[in-house]
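Take a look at the structure below.
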Amino acid sequence: MREWWIHVGLICIPLVAVYLHIPPPQLSPALQKWHSAGEVFHFRGRNIFYRDSYGALGSSDVVILLHGFPTSSYDWSKIWDPLTQRFHRVIALDFLGFGFSDKPRPHRYSIFEQASVVEALVAHLGLSNQRVNVVSHDYGDTVALELLYRSDQNRTGHLTFNSLCLSNGGIFPETQYPRLLQTLLKDSSFLAPILTRLTNYVIFQKGIGEVFGPYTQPTDAEFWDMWTGLRYNDGNLVLDSILQYINQRLKHRERWVGALTSTYVPLHMIYGPLDPVNPHPQFIRLYQQLVQRSTITVLDEHISHYPQLEDPTGFLNAYFNFIHSF
């Protein structure tokens, strides 16, 4: 009996070793096209991927798109072309540790650093004196609030807001419910290195699928593109470090929620109400109570955490109505 277990162990060890070093998947044609249309700039010695498209003639309006966790700027692909028809420039980036940007490890990822990445991109593109419209989602919401805080405090190098549109982000720690794997990764220094290596496509697909509505699930190709973006440059191995943003939201709640409640920048919230991370009605009630100057669009009841992907038409209609209102 003992000899049988030894043989099993000898077989399993190399299999596990191979499994933990599975190479990342190849880029699909759609993802390759997105990558090829982008550029890279340098931030503190790191490569940051971004896209900058020129669109509507006769307009000087600029919109900057800030994506969520754990995905990338590709989250905006379904609304990219319509935005270029409305705005002079449409800009999106992959935050440090995400998508096609560098994913250093070990590294202490923070919302403050990501906000500085955005400011550096704005400077790189010569837009420091330009009023810009910001659209954000999930993780990007908190980065946007740090940028808003810096802007309203008149700090040097800040981004100048023309407007801010948030969507389905855990801006209130008291109404945010992270997924189990996120909690394990952010709080378990012992398990995190193991879990990041054991996370595979099946686990990823299940986790992402749970935050989409039952009638708005990504296609197999879309799931695979999300996974490919995550695995690019071994991004799965930095998930635990990036997820510290959940703890940062709690620690710096007054700073970021305070910026949201005190600003005079035009604000809008686009919200998918089936979101299990920021559930209805708790989240939207608290938002209405605390951010009284903001307008709100609650999308159809079957739309969940990724409204720009689940209902791009509804998202765009809500955003354009907001932009045209001031």
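Using only alpha carbon pairs under 8 Å that are at least six residues apart, calculate the relative contact order of the chain and give it in whole percent.
Details: 549 pairs, mean separation 61.1, N = 326.
Averaging sequence separation for qualifying contacts and normalising by length gives 19 percent for the chain.
In the context of the full set of protein chains, region 109-224 has a per residue accessible area of 41 Å² (1.4 Å probe). Where [x] 38, 21, 18; [y] 34, 22, 20; [z] 27, 24, 21 are the candidate values, the label of the one calculated here for semi-axes √(5λ) of the Cα gyration tensor in Å is [y]. Sorting the segments 35-45, 230-240 by their residues' average number of neighbouring beta-carbon atoms within 10 angstrom, most packed first, yields 230-240, 35-45.
Taking a spot 7 Å from the Cα of Asp234 along the direction of its beta carbon, which residues of region 73-117 have an amide N less than 20 Å from it? Those under the cut-off are 95-110.
Region 35-130: D in µm²/s via Stokes-Einstein (Kirkwood Rh, Cα pairs, 25 °C, 0.890 mPa s)? If you can, show how the numbers build up before the last one.
On the way: Rh = 13.8 Å.
Diffusion coefficient, whole number: 178 µm²/s.
Counting Lys and Arg as +1 and Asp and Glu as -1, what is the net charge of the other residues whose Cβ lies under 10 Å from the Cβ of Asp52?
Result for the local shell: +1.
Here each label is just a point 7 Å from Cα along the line to Cβ, and for Ala30 and Phe112 those points are 3.9 nm apart.
Once the other residues with Cβ under 13 Å from the Cβ of Trp80 are scored (Lys, Arg +1; Asp, Glu -1), what is the net sum? Mind showing how you got there, number by number?
Values: positive: Lys33, Arg51, Lys78, Arg86, Arg89; negative: Asp52, Asp75, Asp81.
Result for the neighbourhood of Trp80: +2.
Residues within the reach of a label modelled at Asp300 (point 7 angstrom out along Cα to beta-carbon, backbone nitrogen below 11 Å), restricted to region 205-225, are 215-216.
Dividing the Cα radius of gyration of region 203-326 by its Kirkwood radius returns 1.00 for Rg/Rh.
How large is the direction-averaged shadow of the alpha-carbon convex hull of region 144-230, in nm²? Could you put the intermediate results ahead of the total?
Values: hull surface 35.2 nm².
Mean projected area of the Cα convex hull: 8.8 nm².
Most tightly packed first, judged by the mean number of other beta-carbon atoms within 10 Å of their residues, the peptides 78-85, 59-66, 313-320 read 59-66, 313-320, 78-85.
Express in nm, to one decimal, how much length is gained between Asp81 and Arg293 on full extension, taking 0.36 nm for each residue of separation and deducting their alpha carbon distance. It would help to have the intermediate numbers written out before the result.
Values: separation 212, 0.36 × 212 = 76.32 nm, distance 2.98 nm.
Stretched fully, the Asp81-Arg293 segment lengthens by 73.3 nm.
Let's see if you can work this out: charge +1 on each Lys and Arg Cβ, -1 on each Asp and Glu Cβ, no other charges. What is the dipole magnitude of region 216-326 about its Cα centre, in debye to the nearest 20?
740
Quick one: work out Rg over Rh on the C-alpha atoms of region 182-223, Rh as Kirkwood radius. Let's see the in-between values first.
On the way: Rg = 12.6 Å, Rh = 11.6 Å.
My calculation puts Rg/Rh at 1.08.
Rolling a 1.4 angstrom probe over the protein heavy atoms with all chains in place gives region 32-84 an accessible area of 43 Å² per residue. Cβ-Cβ distance of Ala221 and Asn162, R₀ of 35 Å, FRET efficiency by 1/(1 + (r/R0)^6): the value works out to about 0.50. Overall, the accessible surface of the chain at a probe of 1.4 angstrom is composed of carbon and sulfur to the extent of 56 percent. Taking the charge dipole of region 56-168 about its Cα centre, with +1 at Lys and Arg Cβ atoms and -1 at Asp and Glu Cβ atoms, the residue from Val122, Phe161, Ser77 reaching farthest to the positive side is Val122.
Chymotrypsin sites (Phe, Trp or Tyr not before Pro), restricted to region 152-222: which are DSSP loop and have at most 16 other Cβ atoms within 10 Å? It would help to have the intermediate numbers written out before the result.
Details: sites: Phe161, Phe190, Tyr201, Phe204, Phe212, Tyr215; in loops: Phe190, Phe212, Tyr215.
Those that pass, being in a loop and sparsely packed, are Phe190, Tyr215.
A simple spin-label model places the labels of Asn317 and Arg197 5.0 nm from each other, with each point 7 Å out along Cα-to-Cβ. Considering only alpha-carbon pairs that sit under 8 angstrom and 6 or more positions apart, the relative contact order computed for region 38-171 is 26 percent.
The values are calculated or read from the model by the stated rules, or taken from the named source; none is laboratory data. Computed from a prediction, not measured in an experiment: that's the story for all the values here. Quick reminder, even Gly has a Cβ in these numbers, built from the backbone with ideal geometry, and neighbours come from all protein chains shown. Protein only, heavy atoms only, side chains kept; ligands, DNA and RNA dropped before computing areas. Shrake-Rupley method; radii C 1.70, N 1.55, O 1.52, S 1.80 Å.
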